[in-house]
Amino acid sequence: MKMNHKTLGNTAFFLLCTTIIVFFSAEFISNLTPPISRDALIHHLAVPKLWLKHGGFYEIPWAEYSYYPVYINIFYLVCLYLKNDIAPKFIHLGFGLCTGWLIYFYLKQKFDRNWGLLGMVIFITTPIVVWLSTSAYIDLGMTFFTTASVLAFIKWRNSEYSQFKWVLISSFCMGIAIGSKYNALIAWFIVNLMLMLSYVRDTNRQTGALQYGMLFFVIMVLVASPWYFKNYLQTGNPFYPLFKSFFKLLHHQTVQGVLHGQAIGKTGKISFFKIREVMYGESFWETLLIPIRMFFQGKDTSYQYFQGSLNPILIIFLPFALLNKRYGKDKIFFVCFTVIFIIMAYFLTAKQVRYIVPVLPFLSILAVMGLKDLVDKLEEGTINSPLISRKNIKSIVKFIIFPTIIFLLIFNLLYLKGRMNIIKPFPYVFGKETREAFLKRHLLHYDAVEYINNNLPIDAKIFTMFLGRRGYYLDRAYKNESSFGMSTIRHMVNSSDDEEKFLEYIRSMNVTHILMRTELVDNYLKNNFSQEEIKRFSNLKKVCWKKVYENNRYTVWNIQDRR
């Protein structure tokens, strides 16, 4: 009997390790290709490239994302300095794997290596984690430091608050997380608050709770402060571009006046419940249940379906964690952190799966705890039901529970296969496809970018319009705007009633060329302006601009200065 149990354990160990190796190998191969993910080309690689070109950090007013915290982006800056733009994806993959190892070590201490490996597998094979592991983003870096902060706090609490180093590590890691992405402010709020509540509950010392809470806050601020201090010096707002109206008014009004004015302003705004009803035909309850729907309906390329995929395994076994009071404090903390984080993210951020990634490590842990408690209860025979006899327990475990896990994880494997089919890395990796050919296959605008890099003067300055703000591959100076060019087009059309006024506005843009996605510009004009306005604008465009390139729905215009 012992031999059978040992054999079963070894088989599970082999399958779990094989799963990790398969996913890691596929992601490793995918990451050998040039970067193509949207935010990498907009921000995470584009801004460090601009800094290097300028010779150091400098203010980029048109790129509000250049004010985001950049601890993780500093790694990418070093990679670009070393002329390697593939390495950032491996760094991001590394953060994902390290988060998986944190999950593994936590669960291994509580149970054994196989349960630890299962938690790691659940996390690293989750579709959104796979997607991020093959992209030069920063979410997995923030998630690693957030997870490390929470688990370090758990260590400190479980030592009965005697091992001071763990609270220092927890606050330091949270500072790195907040110095990497604004979303980590949600995690800080929860951890800092629960740290004080836990200390009061366990020791009944309110003064000590306030002291440790303040210590956690001060260390976190000191670690994260360089980027927030930089923003304050540049804009007067340490959280720029968040809370812009608040800090702008704060320099001229009292705090009470600002809050009152913002409260009045918000009453006139359309709620996101109404927006989703208009855009997607969703009912109030469908919108309210988005946090649950994310685990069942996510799609990578759909804003309606949250721009990412999860797996129901993350929540299906969670209720069973309540079957056993073992590690009850940890379970309660993980549940509270997850629920509060998701609720705050739901109301404070875009409805995207990527913004709740910091809770996935804890959902993975809770899923394993729930599964372990369920199996233990079945094996102990403490679940009383006329439908469950001791003879049926092994059958339930072997033929229902474990096959269910395998079935759910197969979805992750199918997602990995689909991701590989989208990237198609093998032609490039095996030298059958050039870097340029790979980029042209994935980026429709790359032909136009290549023309600009090879043909326009070195001092050319490009304004990108409906390019999704993706400027990383441009080797000429460029700029764009948060409305993707819509605001600029509106100003152009409005000033086209007078030729001199139109030319004055063009000059004020301080660019030499415009790169636009033609059909999107045409659609925007048709949907927002009259035929007379469009004709007037088109006539002036023919006079003032010169088309120098057009291909694959993208056009490059040379702006003619007629002063």
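FYI, it's all coordinate maths here, none of it is from the lab. Since the structure is predicted, the reported quantities are computational estimates derived from the model, not experimental observations. Positions of Cβ are backbone-derived with ideal geometry, glycine not excepted, and every protein chain shown enters the neighbour counts.
Data for the structure
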| read-out | value |
| --- | --- |
| For the stretch 1-149: span of alpha carbons on each principal axis (Å, largest first) | 69, 31, 23 |
| Overall dimensions of the stretch 3-42 as given by Cα atoms, namely Rg and Dmax in Å | 17.3, 56 |
| Nonlocal amide H pairs with W545, under 5 Å, H built at 1.01 Å | Q560 |
| Estimated [θ] at 222 nm from DSSP helical runs (n ≥ 4, -39500 (n - 2.57)) normalised by residues in the chain, nearest 500 | -20500 deg cm²/dmol |
| Counting DSSP beta bridges with both ends in the chain, the antiparallel % (nearest 5) | 60 percent |
| Cα centroid of the stretch 58-136 to Cα centroid of the stretch 145-159, whole Å | 19 Å |
| Cleavage-rule hits, chymotrypsin sites (Phe, Trp or Tyr not before Pro), the stretch 54-138, DSSP coil, Cβ neighbours within 10 Å at most 16 | F57, Y58, W62 |
| Acute angle (nearest 10 degrees) that the helix 446-455 long axis makes with the longest principal axis of the chain, alpha-carbon atoms | 50 degrees |
| The chain: angle of helix 184-203 to the longest principal axis, Cα-based, in degrees nearest 10 | 30 degrees |
| Evaluated at q = 0.17 Å⁻¹: base-10 log I(q)/I(0), Debye formula over Cα of the stretch 428-502 | -0.78 |
| Kirkwood estimate for the stretch 126-234, i.e. one over the average of 1/r between Cα atoms, Å | 14.6 Å |
| Residue among S364, I290, F341 farthest towards the positive dipole end of the chain, charges placed on Cβ | S364 |
| Square roots of 5 times each gyration tensor eigenvalue, C-alpha, the stretch 451-563, largest first, Å | 22, 16, 13 |
| Kirkwood Rh and Cα Rg combined as Rg/Rh, the stretch 12-99 | 1.09 |
| Nearest-ten-degree value, helix 255-267 long axis tilted from longest Cα axis of the chain | 90 degrees |
| P(r) of the stretch 189-228 over all Cα-Cα pairs, binned every 10 Å from zero, in whole percent | 32, 46, 18, 4 |
| Loop-resident sites, the stretch 142-234, for trypsin sites (Lys or Arg not before Pro), counting at most 15 other Cβ within 10 Å (DSSP) | R205 |
| Semi-axis lengths (Å, descending) of the ellipsoid that matches the C-alpha gyration tensor of the stretch 163-203 | 21, 13, 4 |
| Which of T488, Y473, N539, positive extreme of dipole for the stretch 413-559 (C-beta unit charges) | Y473 |
| Reduced Cα scattering model of the chain, Debye log10 I(q)/I(0), q = 0.08, 0.12 Å⁻¹ | -0.65, -1.32 |
| Among W115, I178, N237 the positive-end extreme of the charge dipole of the chain (Cβ point charges) | W115 |
